[in-house]
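Asks: This is the structure I have questions about; it appears just below.
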Amino acid sequence: MKKILAIVILSLSAITLAAQSVITTVTTDFKVNGATMTDYHHFKVGDTVTVYGFKKKSDKYHFIVEAKDYANLFSIDFIPFAAEEKQLKQLPNALDSDMSAFIAQKKQEIENKKAKERKEQALSGKIRVVMRDHYTLYASDDAKGSVEKGDTIYILGYKNGGYTQYYALYSNKAAGVFKGISRDNIFERDININYLPSTDYPDVKAAISKKQQELVQKKADEAARYRQNALNGNVKGILYLGELRTDDYKSSPFKSGDTLSIVGYSKKDYKEYFAVYSKKGAGVYQSTYSYDMTFKNKADIDLSKLPSTTDPEVLAVLERQQLVSDSLMAIEEAQAYEEYKKSANTLIGIYKQADPIIVTVEGWNSNSVGGIEVNLSVINCSLQTIKYITFKGYFTNAVGDKCRNEIGGGTTWTGRGVGPIGPRPTGTDNFEVEHAECHANYDFDQLTFYSRIAQYFHLSSVTIQYMKGKTVTLSGNKLKKHVIYK
């Protein structure tokens, strides 16, 4: 009961003092020091202050003042405020012992305010620092990832463990509580750790947990994208030293300097295996050298994100690519006329069955502002010369929804190719010339479609206009069997 009464009396006293206060402004720059160095404050002209107590004694002016982030009793040789002395004399005696509790309350209010603001800054990611080149923080047991020199990190909390300092932090590749043996020289600039919430604070723990979940999801998404890139043939390696061979020491068709699409990777019994293909062939091969010596551009290849060489999708890719390689190499490497003739007739039969056309989506890419280029190749499988060919398609985002053109707002991408594209070969006598003339490649780099979220490209229709005037349009299921997506 006595404790409650004391609190009530103190609150009433604070209200009374506040009512007697004088709000004024600073008229000259000056500095004051309190009982400790932490009480140091620099007042500047124009600052607004509230004066709660005043006393002139021994040629000194004594004030109890509250300003932004400051409250204390101090003494000075002059009156540094716009308020007149006769007005200040109406205030309570600044040296009265009863004012001590009031000052303490004001200080505590400011400390609480600073702690709240600092916590809000930390939890909103506003305390950003960069790691020094020669210092590293070490991850605690539940941290994910690591921080290294040059990393930009965000501090959420801090705890002094004596000889060990603990920081709750996150970056684009790490999240958790990290520890160091010193507070000095860890970061490129000193940070004020005063009022930072503890690493054990529930809000800090919750924020770290959320960042860790985001980090795990980010890595999973990156791995999925890298896997799909590999399966699409977009992870390339330039063969360097040694050779790729089978387990029974049969050599592969690839030579040093060849560019290979790397679809999968496995390591077994200290041996490294690569699922690769090019126009020369496809298969799973063992490297006769370590990975570091197998490819010239090893820094561009992330083995940890490649699917296994035994992955069903990898094996399916190799099987399809082997068929393509067999067809191409049969023509390119035919040594005898009969073999050449056989290969030519095989292609003629394939083209005849694929009449009127085969369209291959070779790839597409976007520039830094979202403009999309599309590369398509065409084989004319009909017996008529193509004059023009018009392609229509659309892009979808990562969740399968159609992307809208950022310029114009439509969803349809259109490209028009100009011929002539000759008819398919009908015999082997002039096969090489006719085979070359029935192929065409179009790189649509005159950008008309812009999207920063496009993930997949789909052809929706192909319209063929022949030299003799006939027009054929393929769409829906009729189009599907004529399109290959690389």
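The values are calculated or read from the model by the stated rules, or taken from the named source; none is laboratory data. Quick caveat, the model's predicted, so the values are computed rather than measured. All Cβ positions, even for glycine, are placed from backbone atoms using ideal geometry, and neighbour counts span all protein chains on display. Just so you know, the surface numbers come from the protein's heavy atoms only, side chains and all, with ligands and any DNA or RNA stripped out. Shrake-Rupley method; radii C 1.70, N 1.55, O 1.52, S 1.80 Å.
Asks: Return the equivalent ellipsoid semi-axes of segment 39-111 as a descending list in whole Å, where each equals the square root of 5 times an eigenvalue of the C-alpha gyration tensor.
Replies: Working through the eigenvalues yields semi-axes of 18, 16, 11 Å.
Asks: Work through the residues other than GLU85 whose Cβ is under 14 Å from its Cβ and net out their charges, Lys, Arg +1 and Asp, Glu -1.
Replies: Around GLU85, the charge tally is +3.
Asks: When the helices in the chain are scored as -39500 (n - 2.57) per DSSP H run of 4 or longer and the sum is shared across all residues, what 222 nm value do you end up with, to the nearest 500 deg cm²/dmol?
Replies: Result for the chain, helices only: -9000 deg cm²/dmol.
Asks: Just the number, please: carbon plus sulfur as a percent of the accessible area of segment 170-209, 1.4 Å probe, no ligands or DNA/RNA counted.
Replies: Summing carbon and sulfur atoms, their accessible area is 45 percent of the total for segment 170-209.
Asks: Calculate how large, on average over all directions, the projected area of the Cα convex hull of segment 122-181 is; give the answer in nm² to one decimal.
Replies: Result: 3.8 nm².
Asks: Using a 1.4 Å probe, what is the accessible area per residue for segment 52-175, in Å²?
Replies: Here the per-residue accessible area is 55 Å².
Asks: Working out 0.36 nm times the residue gap between LYS280 and LYS116, then minus their Cα-Cα distance, what length gain in nm do you get to one decimal?
Replies: Fully extending the segment from LYS280 to LYS116 adds 52.4 nm.
Asks: With a/c under 1.5 counting as rounded, go ahead and sort segment 154-273 into rounded, prolate or oblate using the C-alpha gyration tensor (a ≥ b ≥ c being the square roots of the eigenvalues; past the cut-off, prolate if a/b is larger than b/c, else oblate).
Replies: Here segment 154-273 falls in the prolate category.
Asks: Something else: Taking a point 7 angstrom from the Cα of ASP300 along the C-beta vector, which residues in segment 223-259 have backbone N less than 18 Å away?
Replies: Residues 226-241, 255-259 fall inside that zone.
Asks: While we're on this one: Counting other C-beta atoms within 10 Å, and keeping those with at most 13, which DSSP coil GluC sites (Glu not before Pro) do you find in segment 49-131?
Replies: Listed in order of number, the matching sites are GLU84.
Asks: Hey, what's the per residue convex hull volume over the C-alpha atoms of the chain, in cubic angstrom?
Replies: Enclosed volume per residue, from the Cα hull, is 260 Å³.
Asks: Something else: Rounded to two decimals, what ratio of Rg to Rh does segment 339-452 give with C-alpha atoms and a Kirkwood Rh?
Replies: Result for segment 339-452 is an Rg/Rh of 1.10.
Asks: Over all directions, how big on average is the projection of the convex hull of the alpha-carbon atoms in segment 347-398, in square nanometres?
Replies: The directionally averaged projection comes out at 5.2 nm².
Asks: Now, a different point. Give the residue from VAL177, THR25, GLY370 lying farthest towards the positive end of the charge dipole for the chain; charges sit on Cβ (+1 for Lys and Arg, -1 for Asp and Glu) and the dipole is referred to the Cα centre.
Replies: Looking along the dipole axis, the top candidate is THR25.
Asks: Here is a further query. Exactly which trypsin sites (Lys or Arg not before Pro) in segment 223-254 are in a DSSP loop and have at most 12 other Cβ atoms within 10 Å?
Replies: For trypsin sites (Lys or Arg not before Pro) across segment 223-254 that sit outside H, G, I, E and B with at most 12 neighbouring Cβ atoms in 10 Å, the list reads LYS250.
Asks: Where in segment 30-126 are there chymotrypsin sites (Phe, Trp or Tyr not before Pro) that are in a DSSP coil and have at most 11 other Cβ atoms within 10 angstrom of their Cβ?
Replies: Listed in order of number, the matching sites are PHE78.
Asks: Select from the chain the helices, each a whole stretch of DSSP H, whose alpha-carbon atoms run 15 Å or more along the helix axis and whose Kyte-Doolittle mean is at least 0.0; answer none if there are none.
Replies: 2-19, 312-332
Asks: Set the Förster distance to 22 Å, then compute FRET efficiency between ASN232 and LYS268 from the Cβ-Cβ distance, nearest 0.05.
Replies: Calculated value: 0.30.
Asks: Net charge around VAL45, counting only other residues with Cβ within less than 15 Å of its Cβ (Lys, Arg = +1; Asp, Glu = -1)?
Replies: Net charge in that neighbourhood comes out at +1.
Asks: By DSSP, what percent of the beta bridges with both residues in the chain are antiparallel, rounded to the nearest 5?
Replies: 95 percent
Asks: Expressed as a whole percentage, what fraction of the accessible surface of segment 316-465 belongs to carbon and sulfur atoms when a 1.4 Å probe is rolled over the protein heavy atoms?
Replies: Of all accessible area on segment 316-465, carbon and sulfur atoms account for 48 percent.
Asks: Between segment 359-414 and segment 55-93, how many Å separate their Cα centres?
Replies: 77 Å
Asks: Could you work out the local net charge near TYR277, counting Lys and Arg as +1, Asp and Glu as -1, over the other residues with Cβ closer than 15 Å to its Cβ?
Replies: Net local charge, TYR277 excluded: +1.
Asks: Something else about it: What is the Cα coordinate range of segment 441-486 on the first, second and third principal axes, sorted by size from largest, in whole angstrom?
Replies: 40, 26, 16
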